[in-house]
Amino acid sequence: MARVCWRSIFAGVLALGWLGTSRAAGQLYPDQVLVVYDSRVADSRAVAEYYAGSRAVPGGSGNLPGARRGVRVVDLAPIAPATPGPDITYTQFINGYRNPLRQWLNSNDPRGRIRCLVLTKGLAHRIDDTDFPNVGENFGTVSGGQIAVVAEVFGGDATYASVDSELTLLQQNLSNGEAGAPGDSFADGAIVNPFFQQVQGASTTGAGGVNQGIASWSTATRRNATTFNPTISTSPGLYWSSASAPTLSPGDVYLVCRLDGQTLADVIAIIDRARADDGRVNTSSAIFILDESRSNGVADTAPNGELDNTDLNTTVRPIWRGDDYELTRNLIQTDGRFDPTGIRYDAGAYPSNYYFGPREVPGITLPLTVTDPITYLASECGSSDGTPTGNPKFLLPQSFFWGPMGYYGSIESFNARDFGGKGTLFGQSQISLAAQGGATFAIGHVWEPFAATIPDNNNFVRRFYLGTMSFAEAAWSSIPVLSWQHVVLGDPLARVTRSIESADEDDPRVNINDLYEWERQPVDINRAGGANNTDRRLLESTIRPGQGVLDMIGRQR
C-alpha cells in the first residue's frame, strides 16, 4: 500500500467541504426518483421492475435486483383511469396523469423529497391541442395567411405539449381558464424554465451553478399557485415567466425522464449502458460531433438566422443563450480534459459537409464519415437544407457506432414522435432509433417546438460530460422552457466518469483515492502542459459529495 500523506489528505478534504458540502452538493439520489408505471401495460410494468427491482413492483416476474435500487414506484392502475396512447387530450392528461400523481405525491411525499419522475414504456407521450387537434404538426392548413401551427404558436394559443414536459409543473393548474383564446390560460405557449435560467446565468460568469444540483433548491413552495406573466407583451401566451412574486423556483419543478424505446429490449439496453463501468468515458478517444449547416462557424454575440442561434423575438429574449454549437465546441476545447482531436465541428451545408457513420446509408456517398464510436452527436439533420435526395437524415443516428454514455440530439421538429408505435413524420430521425443503434441518452420533441426552444448543448455538456450532474439534472438545465415539447430519454441517475481523472484502472469511479494518487504523482488533467492547482481543483470538483470522507475513514481503519 502506498504511503499516505495525511497533510495532503486533510487539505483535500477541507477543499472539498467536510461531509459533502462541495460544489457537487444537492444532486439527485435514488430515493428522490419516482418511477411511474401502469400495471395494465405489460411493457410499462416490465421496465419498472427492471429499473426498480422485483420487490418494489407488485406482480412482477420476480427476482430482478433492480438497476437502481432505492428508487420509489407508483402504479397508475389503481389511482387513474386508463389513457391509451400515444396521443391523449388535455382532459385525459389531467385525469389520467396530473391529478392522480399530484394526489399520490402530496399524500406519500409531503416533505417534497421526490425530485424526478420516470415515465415507462407504453405510457402516453403527446398531449393534443385543446381547440385545434393535431395543429402541432399541421403544415398544410393556412389560417390568416399563416401556416396553422405558426399561427397557433405565435398567436399565443398553443396548448399542445409532451406529457413529460407538462408533468414538470404538475402542482400547477396550468389549464385553468382555457377556452380557446390566445393567452387565456398558462397552458398556452411555454413557461420559462427557472432551472435553465439559474444555471445559465451562473455559467456566463464562470462562477457557481456548474454543479449545483436540483436538490439545492427548496421544495417548500412547490404546491403554491404561481401567477405567470407574459414575457413579450405583444404576444401573451407565447412565453410565460414568474418574474413577480410568487416566483417559480427550480425547487418547484419535477425533472421528468422517460425509459422508452422501439422494443422492451431497447429500453433494457439503455438502462444497462447507463450503468456500465459507472459511466466511464475515455477522454482520449471520445468523439464529439457538432454538425451545423449554413453557419459562419463563429460564436455570434446576437441571434441570427442560424438554427442554433435564434429566438422567437428579436428585442425581448427570455431564453436566448448564445450561438450554441460554436460555444459548445469552444467549451470542450477550453476545458481540455477531452482530447481536442475528438471534437468534430462542421459549419457547411449538406451534402458535402455532413457527418454520418459507416452503417446503412444506402445509395448515398458522404465525405464526412466517422468510423470510430462516438460519444456525442448534435446535428441539424438536414433541417436547414430541406429533405435531401434519398432522405439519409432519417438513418443518421443508426449510422454511427456509439461509445459509452453516448448522447443524441438533433434540431428536428418530431424526433420523439414515434414512441408507442406512432411512427415518423417528414422523414425525421428518431431518438428511439438512436437508442436502438447504441446511444444511451437523447432529448427530442414530440410536436413542433420551433428552433428557439431546443435544448442547449452548451449547458448540457458543461454539466454532464464536464461536470458532475446526473443526466436528469443536466438535461433539464439545458431545456429553456417547460410545458412544451421535450422528451428526455435515459436513466436520470446516470453520471459521467472521465478516465483522465481516475488513477485506478481497476476502479472507474473517481473518489478520494484518486486525490491521494494525484498528490503523490500530479497529473495534467486539462492537458495544459503541466500539472498544477487547476488540475487539482478539477479533480476535487468531480469527487462525489461525502464519498471522500467515507473512503478516508475506511482507509484510516
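Here are some notes:
- For segment 43-86, a residue qualifies if it is under 18 Å from Tyr97 (Cα atoms) and more than 25 Å from the chain's Cα centre (by Cα), and the qualifying residues are Ala77, Pro78, Ile79, Ala80, Pro81, Ala82, Thr83, Pro84.
- The condition (being over 18 Å from Arg344 (Cα atoms) and modelled with pLDDT of 85 or more) is satisfied by just one residue among Phe426, Phe441, Phe400, Phe394: Phe441.
- Flag if Thr468 is modelled with pLDDT under 95, buried (at least 24 other Cβ atoms within 10 Å of the Cβ) and β-branched (Val, Ile, Thr): yes
- Of all residues in segment 460-476 being closer than 20 Å to Gly322 by Cα and of a type in the set (Phe, Trp, Tyr), the one that is farthest from the chain's Cα centre (by Cα): Tyr465
- For Asn134, the criteria (1) in contact with a strand residue (DSSP E or B) (Cβ under 7 Å, 6 or more places away or on another chain); (2) modelled with pLDDT under 95 hold in every case but one, which is (1).
- Residue within segment 55-70 that is within 15 Å of Lys121 (Cα to Cα), of a type in the set (D, E, K, R) and in contact with a Gly (Cβ under 8 Å, 6 or more places away or on another chain) present: no
- Helices (runs of 4 or more DSSP H) wholly inside segment 493-557 that include at least 2 residues being surrounded by fewer than 20 Cβ atoms within 10 Å (Cβ to Cβ), out of contact with any Cys (no Cβ under 6 Å at 6 or more places or on another chain) and at pLDDT 90 or above: 512-520, 533-542
- Residue match in segment 279-293 (condition: out of contact with any Pro (no Cβ under 7 Å at 6 or more places or on another chain), among the basic types (Lys, Arg) and over 30 Å from Gly112 (Cα atoms)): no
- Positions within segment 394-442 being of a type outside the set (A, V, I, L, M), assigned to a helix (DSSP H, G or I) and buried (at least 24 other Cβ atoms within 10 Å of the Cβ), in sequence order: Pro397, Phe419, Ser432
- Pair list, Cβ < 7 Å and 6+ apart or interchain, from segment 143-168 residues that are over 21 Å from Ile191 (Cβ atoms) to residues that are part of a helix (DSSP H, G or I): Ser143/Ala151; Gly144/Ala151; Ala148/Val135
- Taking segment 479-503 as the range and being of a type in the set (Val, Ile, Thr) and within 22 Å of Asp418 (Cβ to Cβ) as the test, the residues that pass are Ile479, Val487, Val488.
- Filtered residues of segment 443-465 (kept if of a type in the set (A, V, I, L, M) and buried (at least 24 other Cβ atoms within 10 Å of the Cβ)): Ile443, Val446, Ile454, Val461
- With a requirement of 3 or more residues that are under 30 Å from Ala494 (Cβ atoms) and among the hydroxyl-bearing types (Ser, Thr, Tyr), the helices (runs of 4 or more DSSP H) lying completely within segment 104-207 that satisfy it span 194-205.
- Cβ-Cβ distances below 9 Å connect the following pairs, each with a first residue in segment 493-515 that is touching a residue at least 40 places away in the same chain (Cβ under 8 Å), a second residue that is polar (S, T, N, Q) and part of a helix (DSSP H, G or I), and a separation of six or more residues or different chains: Thr497/Thr542; Arg498/Thr542; Glu501/Thr542; Pro508/Ser499; Arg509/Gln547; Asn511/Gln547; Ile512/Gln547; Leu515/Ser8.
- Hey, Thr334 among the hydroxyl-bearing types (Ser, Thr, Tyr), assigned to a loop (DSSP other than H, G, I, E, B), surrounded by fewer than 17 Cβ atoms within 10 Å (Cβ to Cβ) and out of contact with any helix residue (DSSP H, G or I) (no Cβ under 9 Å at 6 or more places or on another chain) or not: no
- Members of segment 133-191 found to be surrounded by fewer than 22 Cβ atoms within 10 Å (Cβ to Cβ), among the charged types (D, E, K, R) and within 15 Å of Gln485 (Cα to Cα), listed by number: Glu137
The values are calculated or read from the model by the stated rules, or taken from the named source; none is laboratory data. Predicted, not measured: the structure shown is a model, and the values here were computed from it. All Cβ positions, even for glycine, are placed from backbone atoms using ideal geometry, and neighbour counts span all protein chains on display.
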